[in-house]
Amino acid sequence: GPFSPDELLRVAHTAARAGAELAHRMRREGVHIAAAKSSIVDVVTDADRAAETLIIGIIVAERPRDSILGEEGGESVTGDSGITWLVDPIDGTVNYLYNIPAYAVSVAAAVRDPRGPDGWYPLAGCVINPSTGEVFTATRGGGAFRNDHPLRVNPAESLDRALVGTGFGYTAEKRRAQGEVVARLLPAVRDIRRLGSAALDLCGVAAGTLDAYYESGLNPWDYGAGVLIAAEAGAVVLGRTGDGQPGTDFLLAAGSAIAEPLRSIVT
Ligand code: IPD
């Protein structure tokens, strides 16, 4: 049926793989900045646009009645099936620009449900790092995998033993506030990483290459697939407050023992 998570994952994987191959090939040929977005540090390359067009084409061909929300195209396709695809053709655009091998293609299929971040409840998701060949996948209730091996979050027991990932927005105002949070957190944890891709940070929590991750100001295409992959690997996903929804305002993913202590420092 239209909501079969395995079928949605097959489409997510097919589309993400095509986008990953194209982005990887275009990176080898040299990067061209197409435009600046929210600020001069926030750019879109020809590869972002080409990969998004390719991914959307594959999804539309397979699932003509679904909606698509893509980073570069806005709400470009509106269907009536109840499924919305959250597409980030290149998450970690600055890494892509500098040829740092930590950018990813992220594709998720979600329904509207208040249990999900910002009301996006992902049913299937795929994140691919073209530089390493890592393919992260998850379906709701079906577990999370890296190249078909099951993933489980680290059982970190205290913040002082936790490696915490985070990320920063593109405006000076956001960064001033985010820098203050980092200054508070740094003395309390093993260390902090700013890897440059929210999707890979969330997959890192799932795989145990990070103990936790938090960020403010993400968009649904950044976290759509990653948040499902982290949750299916056993991560707790929290918002800013106890009953507040995770999402653009604030999102935290961590092992259960450190989730609350981390939230109390960074919010
Ligand atoms: C960005 C990355 C980065 C995060 C930013 C995002 P983009 O996505 O995920 O790690 O800190 O908030 O905007 O712009 O490279 O797709």
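Does at least one position in segment 58-74 carry a residue that is within 13 Å of the ligand (Cβ to nearest atom), buried (at least 22 other Cβ atoms within 10 Å of the Cβ), in the same structural domain as residue 17 (by TED's automatic domain parsing) and modelled with pLDDT of 95 or more? No; the residues of segment 58-74 include none that is within 13 Å of the ligand (Cβ to nearest atom), buried (at least 22 other Cβ atoms within 10 Å of the Cβ), in the same structural domain as residue 17 (by TED's automatic domain parsing) and modelled with pLDDT of 95 or more.
Considering segment 155-190, and only residues there that are among the polar types (S, T, N, Q) and closer than 26 Å to residue 106 by Cβ, the residue that is farthest from the ligand (Cβ to nearest atom) turns out to be 171.
For the subset of segment 5-39 comprising residues that are at pLDDT below 95 and small (Gly, Ala, Ser), which member is surrounded by the most Cβ atoms within 10 Å (Cβ to Cβ)? Looking at the filtered set, the residue picked out is 34.
Look at (1) part of a loop (DSSP other than H, G, I, E, B); (2) within 16 Å of the ligand (Cβ to nearest atom) and you find that residue 152 fails only one, number (2).
Exactly one residue out of 208, 255, 196 is within 11 Å of the ligand (Cβ to nearest atom) and either hydrophobic (A, V, I, L, M, F, W, C) or surrounded by fewer than 24 Cβ atoms within 10 Å (Cβ to Cβ) (or both): that is 196.
Given the criteria more than 13 Å from the chain's Cα centre (by Cα) and surrounded by 24 or more Cβ atoms within 10 Å (Cβ to Cβ), does residue 96 qualify? Against the criterion (more than 13 Å from the chain's Cα centre (by Cα) and surrounded by 24 or more Cβ atoms within 10 Å (Cβ to Cβ)), residue 96 qualifies. Contact annotation: residue pairs with Cβ atoms under 7 Å, 6 or more positions apart or on different chains, pairing a residue in segment 35-51 that is farther than 17 Å from residue 130 by Cβ with a partner that is surrounded by 19 or more Cβ atoms within 10 Å (Cβ to Cβ) and of a type in the set (Asp, Glu), are 44/72.
The set of residues in segment 212-240 that are within 13 Å of the ligand (Cβ to nearest atom), more than 12 Å from residue 199 (Cβ to Cβ) and in a strand (DSSP E or B) contains only 214. Of all residues in segment 220-254, those that are in contact with a strand residue (DSSP E or B) (Cβ under 8 Å, 6 or more places away or on another chain) and polar (S, T, N, Q) total 0. Is it fair to say residue 243 is among the acidic types (Asp, Glu) and either part of a loop (DSSP other than H, G, I, E, B) or away from the ligand (no atom under 15 Å from the Cβ) (or both)? In short, yes.
Residues that are under 14 Å from residue 6 (Cβ atoms) and not in a loop (DSSP other than H, G, I, E, B) within segment 123-143 comprise 123, 124, 125, 126, 137, 138, 139, 143, listed in sequence order.
The values are calculated or read from the model by the stated rules, or taken from the named source; none is laboratory data. As the structure is a computational prediction, the values presented were derived from the model and not from experiment. Using ideal geometry, Cβ is built from the backbone for each residue, glycine included, and neighbour counts are taken over all protein chains shown.
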